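Only one structure is covered here, and it is reproduced in the block below.
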Amino acid sequence: MRRLRALLFSSTLLTSGTALACETCRPAVQAGIFNDHFWGRLAITLLPFGVVLCVVVPLHFLGRER
């Protein structure tokens with residue numbers, strides 16, 4: 001049941017809309033998000049998750065061995 005909830009939550013996040021704006025503002029909103037700095041900003045946003053994952057996974061497996 002727990003895995004089903006996690007899968008449902010993940011699929012909901014992946015299928016949600018990225019940016020909602022009126023037809024007049026939509027090109028400006030998308031241009032502001034997907035500009036030259038997009039990949040750098042995305043990497044900086046995701047970096048803390050990678051760091052936490054690199055700390056938690058070894059701790060998880062160390063706890064299993066004991």
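Across Arg41, Arg2, the residue with the most accessible area heads the list, and the full order at a 1.4 Å probe is Arg2, Arg41. Between Phe49 and Val29, the FRET efficiency estimated from the beta carbon spacing at R0 = 35 angstrom works out to 0.90.
In the chain, helices alone account for a calculated mean residue ellipticity at 222 nm of -25500 deg cm²/dmol, with every DSSP H run of four or more residues adding -39,500 (n - 2.57). Principal-axis analysis of the Cα atoms of the chain puts helix 38-65 at an angle of about 10° to the longest axis. Against the set [x] 18.1, 60; [y] 11.6, 36; [z] 15.4, 43, the structure's computed Rg and Dmax of the Cα atoms in Å falls on [x].
For Thr24, the accessible area of its heavy atoms, probed at 1.4 Å with every protein chain present, is near 120 square angstrom. Relative to the dominant Cα principal axis of the chain, helix 2-15 is inclined by about 20°.
The values are calculated or read from the model by the stated rules, or taken from the named source; none is laboratory data. Because the structure is predicted, anything quoted here is derived from the model rather than measured. In this analysis, Cβ positions are derived from the backbone assuming ideal geometry, glycine residues included, and neighbour counts consider all displayed protein chains. Just so you know, the surface numbers come from the protein's heavy atoms only, side chains and all, with ligands and any DNA or RNA stripped out. Shrake-Rupley method; radii C 1.70, N 1.55, O 1.52, S 1.80 Å.
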